[in-house]
Each structure stands twice: as C-alpha cells, then as structure tokens.
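Just below is one structure, and these are the notes that go with it.
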Amino acid sequence: MTKPLDGIKIIDFTHVQAGPACTQLLAWFGADVIKVERPGSGDVTRNQLRDIPDADALYFTMLNSNKKSLTLDTKKPEGKEVLEKLIRESDVLVENFGPGALDRMGFSWERLNELNPKMIVASVKGFSDGHHYDDLKVYENVAQCAGGAASTTGFWDGPPTISAAALGDSNTGMHLAIGILTALLGRDKTGKGQKVAVSMQDSVLNLCRVKLRDQQRLERVGYLEEYPQYPHGEFGDVVPRGGNAGGGGQPGWVLKCKGWETDSNAYIYFTIQGHAWEPICKALGKPEWIDDPAYRTAEARQPHIFEIFKTIETWLADKTKFEAVDILRKFDIPCAPVLTMKELANDPSLRASGTIVEVPHKKRGSYLTVGSPIKFSDMKPEVTASPLLGEHTDEVLASLGYSKQEIFNLREAKAV
Ligand code: COA
C-alpha cells in the first residue's frame, strides 16, 4: 500500500524523546527516516533503563520504530562528507541537540540551506530562539515547569507537580511534525525549504492555554468559580492548583469506587455536565434533586459540590469502576474508569484499533508499543521494529553511491 509520505526522505538527527517521537510519527505515515547515530553508542536511550541485558531498552524501541539506523561520526571529516551527501538528497533534517551543537558541528541553518535549498530543517530546543533562557539544555520535567504545567498541576496544599504525560517531550515532537508537514506543503508552492523551530516551553504552554485563560479571569474578577477553592477558600493573584477539578466549564472529580481501600486505582472520573443534571439524578436514584433549588443550577450546586461528590461516592461504594461506568453510560454521563497501564496494555479495543501493538524485534523478542493514535480511512499505519545500531549503515551508504571499498575505508577511519 502506498502511504502519503512515501518518497519523503528524512535525516533523523534526533535523540531521547522529543525529536524521535516526531520522526517516528512521520515514518509510520511512509517517510524514509534515516536515524543518524554516533558509532559505538548511538542514541542514549538504547542503554537507558534496560530490562534485558545487551538488548536495546524499551525507551529506544518505543520511539524509533519504522526507522533505519546509520552510524556516522559527524565530527570527523569523512563523516561530514557522508552527511553532506545525505543532505543533498533529503527533504527534511530533524534535530534536537542542545543549543548550538549543530552549528559547532559545522551545519548551521545557512550552511544546510546552501547545501540543499529545498530541505526543511526542523529543530526542537528547550526555549525558543532569542528567549532569555535559550542557552539552556532542557528535559521533560524542566519544560513542564517552564511552560506553566507544573504550577497549575497537583493539589493546592502540595508542591507544583509533574504530569506523567510527556507534555514537554512527545508533545513537542507532535508540534514539530505539524510544522514539518506544513513546511512540506509550503515547499510544494514555493519550491523552497525553510527552518521550522519548536520549543518545549511553547509546546507545553500551548496545551496550558486554559490556565492562561484563568489567569486573566482571575485578574478581572478575583475568583475562579470552577475551582475547589470557590467559594469557601482563598484566591491569590496567580492561578492555583485545582487538584482533580474539571478545568473546563464542567465540575468533575476522581471518585472512589468499590475496592478503593486496597486498589489504588479503583476510581472513576465523574463529570457533572450542566445539562445532564436530570439524568445524573436519575442514575443516582436522587430524583428529588432534579427540581430542588439547592441543586437545580450549576451556581446552586457549586458551594456544596464536594457534598454532592460524597453522595455519589456512597452510590459507588458497591460498584467496581467498570460496573459504575456501565450504568452511567446508559444515562449519557461523561465518565471513565481510571485505567492502569496494565489494563491499557491488555485492552482488546486498543489492540484491535492498532493503538497498542506487539512488534517482533531481532534481539528482544516481541515488545508492546503504541501505534498511531491518528486513524485514516485509506491507510493503516503498520509499526515495524526499531533498528539495531547501524543496522542500515551499508544499505544507506550504498544508496549514496559508496562502493564496498569506500565503506570499508569509512569503517577503518571509524567514521561509521
Ligand atoms: N557524531 C558526532 N557527534 C555527535 C553525533 C554524531 N553522530 N551526534 C551528536 N553528536 C554530538 C553533538 O555534536 C554534541 O557535541 P558538542 O556538545 O561537543 O557540540 C553532542 O553530541 C550532543 O550534545 P547535546 O545534544 O547537548 O547532548 P546532551 O546529552 O548534553 O544533552 C539534551 C541532551 C536533551 C539535554 C540536549 O540535547 C537538549 O537540550 N536538546 C534540546 C531539547 C530537547 O530536545 N530535550 C530533550 C527532550 S527529550
């Protein structure tokens, strides 16, 4: 089956998570992604948190599927020459080195543009160019703090909290993928490549936009009515942490179900959608609440919303999280069980949709990974194993016109 990105050649000069997540997505959609790695060691994640001695760690395999691996020392003159050849015939180069690393290697944007004016050069950095922190190296949690996620996540009586979701890393990679695809469409019109830059801080902030909304509301009216602090608590001059509150216009909370005393995930998320109040009352066996002035409107409910949640927990006490959702779904109430990674890994729907896939790997045996979360009517992205270090070095060099003897010489020079 042909894929939309068939024929697009990408130099994947990325490591860790943000860059690899971007190029993996593009590889799923058909791009020819060649991961350039340092000979001998490769991407650090090959070795990080290993669960099987001598086999690539899951951290690497889950971010580098569908790619080729070319080992190349791009600081050696022989390696630079290979990279230049590759640049001349590629459509995109993606990198997420620390600030200035590509320039120090001799591949500034100007040089890359000179080598191939049609090539798109896509970069992830911690902070955007010209930002007063643009010299900083950045990892996931640093970005969550810098982008406003940490100060607004967690409970009001606890410290700023990091989300388990990779808002700084994979999220930035997804933003970069959108930028690359946009630049490719732009190139179709202009014939020219361009530089696409995404910062981790900006990408986190882009997902925290409702908190920037709340900052402005707070400054105008002095309170935020959907936060647990309202109306009994205090508001300062910055958006507070709201625990498990809804965040949008709908109040919601994580509620205990049967077994919570021993199972730390026996919870559901329950949303009190304004117009669903009547079905909620019916589902809970509380028809008297429907027209009660103390419950009828969102404004009337908010001052005692936690009492309402407590009553719902009483109703949930003899129901598992799955039983509860099976009842509530019949009343069209937005809710979900709090699912563990074990439950997700074994979820038959996620397996059937290709969101979780099992991939055979030469050294590891098979492993689970996430498949494309984006579904198409005319394409089913297939996930193939991540490459071994340098697995495609000879193949890529041969495709660039190197003879067997020249490849041997490059090996002797430790350039590949
Ligand atoms: N051959 C030779 N040298 C290579 C090479 C290759 N194939 N690939 C990389 N290198 C060199 C680079 O040239 C650079 O050398 P230099 O610092 O002497 O110029 C070095 O390896 C890599 O440096 P850097 O990217 O800064 O690595 P690091 O381990 O010190 O920092 C990060 C890691 C992730 C903190 C940093 O890369 C970073 O801030 N990246 C941008 C933001 C980002 O993506 N963060 C991670 C999100 S998961």
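The values are calculated or read from the model by the stated rules, or taken from the named source; none is laboratory data. Quick caveat, the model's predicted, so the values are computed rather than measured. Reconstructed Cβ throughout: ideal geometry from the backbone, glycine too, with neighbour counts over all protein chains shown.
Condition check ((1) in a loop (DSSP other than H, G, I, E, B); (2) within 30 Å of Glu84 (Cβ to Cβ)) across all residues:
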| site | (1), (2) |
| --- | --- |
| Phe322 | no, no |
| Lys330 | no, no |
| Ala336 | no, no |
| Ser349 | no, no |
| Pro360 | no, no |
| Lys363 | yes, no |
| Tyr367 | no, no |
| Glu406 | no, yes |
When Gln215 is run through (1) in contact (Cβ under 8 Å) with a residue 60 or more places away in the chain; (2) within 22 Å of Trp253 (Cα to Cα); (3) of a type in the set (S, T, N, Q), the failure sits at (1)
Condition set among the hydrophobic types (A, V, I, L, M, F, W, C) and part of a helix (DSSP H, G or I), scope the range 286-300, selection nearest to Phe331 (Cα to Cα): answer is Trp289
Is it true that some residue in the range 376-395 is aromatic (Phe, Trp, Tyr), crowded, with 16+ Cβ neighbours inside 10 Å and assigned by the TED database to the domain that holds Ala55? no
Cross-chain or 6+ apart pairs with Cβ under 9 Å, the range 28-42 first and without any contact (Cβ under 8 Å) to a residue 60 or more places away in the chain and of a type in the set (A, V, I, L, M, F, W, C), then near the ligand (Cβ under 10 Å from one of its atoms) and in a strand (DSSP E or B): Val36/Phe13; Val36/Leu70; Val36/Thr71
Would you confirm, using the coordinates I've provided, whether Asp56 is in the same structural domain as Asp169 (by the TED database), away from the ligand (no atom under 11 Å from the Cβ) and acidic (Asp, Glu)? yes
Considering the range 103-115 alone, what residues qualify as being more than 7 Å from the ligand (Cβ to nearest atom) and free of Cβ contacts under 8 Å to residues at least 60 places away in the same chain? Asp103, Gly106, Phe107, Ser108, Glu110, Arg111, Leu112, Glu114, Leu115
Output the number of residues of the range 83-99 satisfying the condition of being closer than 24 Å to Ala177 by Cβ and within 15 Å of the ligand (Cβ to nearest atom). 10
Any idea how many residues of the range 260-282 are touching a residue at least 24 places away in the same chain (Cβ under 8 Å) and over 36 Å from the mean Cα position of the chain (by Cα)? 1
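When only residues in the range 219-234 that are surrounded by 16 or more Cβ atoms within 10 Å (Cβ to Cβ) and more than 30 Å from Ser170 (Cβ to Cβ) count, which is nearest to the chain's Cα centre (by Cα)?
Only one residue fits best here, namely Gln229.
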Name every residue in the range 226-241 that is in contact (Cβ under 8 Å) with a residue 60 or more places away in the chain and in contact with an Asp or Glu (Cβ under 8 Å, 6 or more places away or on another chain), in order of residue number. Pro231, Val239
When the range 310-334 is examined, which residues are found to be closer than 17 Å to Asp347 by Cβ and basic (Lys, Arg)? Lys321, Arg329
Helices (runs of 4 or more DSSP H) contained entirely in the range 116-211, each with at least 2 residues that are under 14 Å from the mean Cα position of the chain (by Cα) and away from the ligand (no atom under 12 Å from the Cβ): 170-190, 200-207
I'm checking my understanding of the structure. Among residues of the range 33-53 that are among the hydrophobic types (A, V, I, L, M, F, W, C) and near the ligand (Cβ under 10 Å from one of its atoms), which one is farthest from Leu368 (Cα to Cα)? Val36
Working carefully through the options Leu49, Leu70, find the one that is surrounded by fewer than 19 Cβ atoms within 10 Å (Cβ to Cβ), of a type outside the set (S, T, N, Q) and more than 25 Å from Asp378 (Cα to Cα). Leu49
